[in-house]
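The values are calculated or read from the model by the stated rules, or taken from the named source; none is laboratory data. If you're wondering where the values come from, they're calculated on a predicted model, not measured in any experiment. No Cβ is skipped: glycine too gets one built from the backbone with ideal geometry, and neighbour counts run over all protein chains shown. We work out accessible area using only protein heavy atoms, side chains counted, and drop any ligands, DNA or RNA first. Shrake-Rupley method; radii C 1.70, N 1.55, O 1.52, S 1.80 Å.
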Amino acid sequence: MMGVRVAFGLHQPGRNLRVFPDDIFIVSFPKSGNTWTRFLLANLVYPEANPDFTNINSIIPDPEALTKRRLNALPRPRIIKSHQYFDPRYNKVIYVVRDPRDVALSQYHFHRKRTLIGDDYPVLRFVERFVRGETSPYASWGENVAGWLATRYGRSGFLLLRYEDMIADTGRELAKVADFLGLPADAQRLSAAVRRSSADRIRELEKMQARKWSSTRNTRQDIPFVRTGKAGNWQSGLPAEAVALLENTWGPLMHWLGYETTHEQNAETADARLLPAILGHHRA
Amino acid sequence: MIYGLKKIVKYTLGKDIAGRYLSVYPDDTFLVSYPRSGNTWTRFLVANLLHPDQPATFDNIESLVPDTEAQSNRTLKRVPRPRFIKSHEYFDHRYRRVIYIVRDPRDVALSYYDFDRKYGHIPDGYGLERFVDDFVNGRLTSVDWGTWGENVASWVYTRGQSKDFLLLRYEDMIADTGSQLARLAVFLGVDSSRERLENATERSSLQRMQRLEKVSEDKWVSTRNRRKDIPFVRTGRAGAWQAALPLPCIAAIEAAWRPIMIQLGYVLTVADGSGAAQNRTAVQKEGLISHPMQASST
């Protein structure tokens, strides 16, 4: 059956997406604010389409949700959603990064929503799998982030956004995106896009359309996809042992990204010089 | 209209090239490098270490340490496990155990220039400066490798600290084959007796490999139907770029990959003007090569 679907381009290509040189990608590890960024961009670039969960997949397509045939037929330049770890074919990349402690907690709840784990699944056990990269097919959080940063940071065609900065000043960060894409972006257009992509509004849309969207259809409806839209949930939601494990695994990378750690780092497993050395000592 | 038919037919007939579609097993060990970085030499060293009773040649190397870019998925599935597989792929998270070979990109460029002429990718008169511009920008190469810098950085910065990752520098392997081969043997978990190491070194020597290439070049998958006047096994030396690479080419390569070259211990010759290199050389002096890549971390 799969062979027939592949033959007619009716499969979802995922990583095997046919990439065009003028494609623009919104890339992040899962649960890092990709959907929010997608709505922000959709509302900035295509406000007349009234982006919501029923049409977001065709406005800013997801290669995991659309067929190869549809993806190939979309008007160009395409703005594409992706969770893929480094892919050299992506020429223009907006990379969204989020504190891995919040990412782990968010993915824990998302896996409950998808009934991949039960409600009583221990958070620590989930985080142990998370640091080994076993909770998603997109490599580990650190491999995904470091792979993109080490190859592309500081080069043209790469914009790094932090989810936390987007929350602190959404308009400012969206203006960076507009500038990166060379889009006309007056204050009015920017603030309209921010307003139409607010957590409250997206949450309302989800309530009405959850069964019509590929990522929420066939999942538990009592757990929302759009969760808190906040930074720092890990401080109350993650056990100390899980926090220590995450910080010990990715301490230097977290520091470089500006995420302060709370536990003493284990010098044996964390080489503080590795990433800063290639990226320069400071994040711009 | 028929999008993937060619692929499906090839796959069904076992005529596909596995490449990035390779089915990976958790007990696989991969020999990864950018092309023209000493991968074939390392393949011979690994094969000769693992099979002291079966000296590696270009006739048996595809079964001893098969090539993901030359063999079909079906062929590779038949290889007895644990498999030792050659690859040029940029970071693939499914590869658990990785031996990564890195070589000075200035020498890689020169070697790649000859290789691309051997393969008919470029004509003989193709300008070296134009070629280096292609090299730096990732043209003339498979999308599965990325640029030199992308390939190296995508592996070293994701896996550099892992106990399942062994970084070898081609230059160190040439300068002191014995010590680097000993690291390789420990990583592979084979007996690292002096006799076994010397045997493997001898059977993988430049002279022997050059001789074997001549014997088998019409049969080996990577040399058959290619120009015979340019050898696959070239000089086996480090530093040829210093005499053979024009200054603008050196400058282009160093400008493209300055931080990672410094970190890997490749001394730069062209100032970048920003002063950033001077700040970063501190990293190099601390002997970074031996530190994160030692297979001793927990």
### Query
Based on the alpha-carbon gyration tensor of the stretch B:198-255, what equivalent-ellipsoid semi-axes (square roots of 5 times the eigenvalues) come out, in whole Å, largest first?
28, 18, 9
### Task
Mind jotting down the distance between the C-alpha centroids of the stretch A:149-181 and the stretch B:104-181, whole Å?
31 Å
### Query
So how compact is the stretch B:2-296: Cα radius of gyration and Dmax in angstrom?
19.0, 58
### Query
Which whole-number value in Å³ per residue fits the convex hull of the alpha carbons of the protein assembly as shown?
172 Å³
### Message
From the protein chains alone at 1.4 Å, what is the descending order of accessible area for B:219, B:118, B:6, largest first?
### Response
B:6, B:219, B:118
### Query
Using a Gaussian network model of chain A with C-alpha springs under 10 Å, which one of A:100, A:122, A:224 is most mobile by mean-square fluctuation?
A:122
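Evaluated at 10 °C with a viscosity of 1.306 mPa s, what Stokes-Einstein diffusion coefficient in µm²/s does the stretch A:31-131 have when Rh comes from the Kirkwood expression over alpha-carbon pairs? Mind dumping the intermediate values first?
Values: Rh = 15.7 Å.
Roughly 101 µm²/s, to the nearest whole number.
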### Message
Using +1 at the C-beta of Lys and Arg and -1 at the C-beta of Asp and Glu, which of B:90, B:136, B:166 has the Cα lying farthest in the positive direction of the dipole of the stretch B:2-296?
### Response
B:90
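Given a 1.4 Å probe and every protein chain left where it sits, what share in percent of the accessible area of the protein assembly as shown is carbon and sulfur?
On the way: 12950 of 24940 Å².
Looking at the protein assembly as shown in its full context, I get 52 percent from C and S.
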### Query
Out of residues 5 or more away from residue B:167 or on other chains, whose amide H comes under 5 Å of its own, with H placed 1.01 Å from N in the peptide plane?
B:100
### Message
Taking each residue in A:151-157, count the Cβ atoms of any other chain within 10 Å of its Cβ, then average. What number comes out?
### Response
3
### Message
For the stretch A:52-144, which GluC sites (Glu not before Pro) pass both filters: DSSP loop (anything but H, G, I, E, B) and at most 11 other C-beta atoms within 10 Å?
### Response
A:134
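In square angstrom, what is the accessible area per residue of chain B with a 1.4 angstrom probe? Show your work: numbers first, answer last.
Values: 12880 Å² over 298 residues.
Computed with neighbouring chains in place, this is 43 Å² per residue.
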### Query
Tell me, what HN-Hα J-couplings in whole Hz come from the Karplus equation 6.51 cos²θ - 1.76 cosθ + 1.60 at θ = phi - 60° for each residue of the stretch B:35-49, using x for Gly and Pro?
x, 6, 10, x, 5, 5, 4, 4, 4, 5, 4, 5, 4, 6, 5
### For the stretch A:39-44, Karplus couplings with θ = phi - 60° (6.51, -1.76, 1.60), whole Hz, Gly/Pro x
5, 4, 5, 4, 6, 7
## Note on the structure
Filtered pair list for the stretch B:2-296 (Lys only, Cα < 20 Å, 8 or more apart or interchain) has a length of 15
### Summary
Accessible-area loss of at least 20 Å² (1.4 Å probe, chain alone to full protein assembly) applies in the stretch B:114-146 to B:143
### Task
Evaluate the charge dipole of chain A about its Cα centre and quote only its size in Debye, nearest 20, assuming +1 on the Cβ of each Lys and Arg and -1 on the Cβ of each Asp and Glu.
1260 debye
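Using the heavy atoms of the protein chains and a 1.4 angstrom probe, tell me the accessible area per residue for the stretch A:188-230 in square angstrom. If you can, show how the numbers build up before the last one.
Values: 2660 Å² over 43 residues.
Accessible surface, normalised per residue, equals 62 Å².
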### Task
Name the residue, out of A:240, A:192, A:73, whose mean-square fluctuation peaks in a Gaussian network model built on chain A with Cα pairs under 10 Å.
A:73
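Work out, in µm²/s and without decimals, the Stokes-Einstein translational diffusion coefficient of the stretch B:28-185 at 4 °C, 1.567 mPa s, Rh from Kirkwood over C-alpha pairs. List each step's numbers first, then the result.
Working: Rh = 16.5 Å.
Translational diffusion coefficient: 79 µm²/s.
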### Query
What residues qualify as long-range amide H neighbours of residue B:234, i.e. H under 5 Å apart, gap of 5 or more or another chain, H built at 1.01 Å from N?
none
### Message
Could you identify which residue out of B:159, B:78, B:258 has the top mean-square fluctuation in a GNM of chain B using Cα springs shorter than 10 Å?
### Response
B:78
#### Entry: Amide H contacts of residue A:96 (H built 1.01 Å from N, under 5 Å, at least 5 apart or other chain)
A:27, A:28, A:161
## Note on the structure
Excluding residues fewer than 8 positions from residue A:207 in its own chain, the lysines with Cα under 27 Å of it are A:31, A:81, A:113, A:230
### Message
Residue by residue through the stretch B:57-62, what is 3J(HN,Hα) from phi via Karplus (6.51 cos²θ - 1.76 cosθ + 1.60, θ = phi - 60°)? Round to whole Hz and write x for glycine and proline.
### Response
9, 6, 7, 10, 4, 5
### Contact order relative to length of chain B, as percent, for alpha carbon pairs under 8 angstrom and 6 or more apart
23 percent
### Message
What's the total accessible area buried between chains B and A, using a 1.4 Å probe, rounded to the nearest 100 Å²?
### Response
3000 Å²
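Provide the convex hull volume over Cα atoms per residue for chain A, in Å³. Numbers along the way, then the final one.
Numbers: hull volume 39.5 nm³, N = 284.
Cα convex hull per residue, to the nearest whole number: 139 Å³.
Tell me the mean residue ellipticity at 222 nm calculated for the protein assembly as shown from its helices only (DSSP H runs of n ≥ 4, each -39500 (n - 2.57), averaged over every residue, nearest 500).
Values: 28 runs with 264 residues, N = 582.
So the helix-based figure for the protein assembly as shown works out to -13000 deg cm²/dmol.
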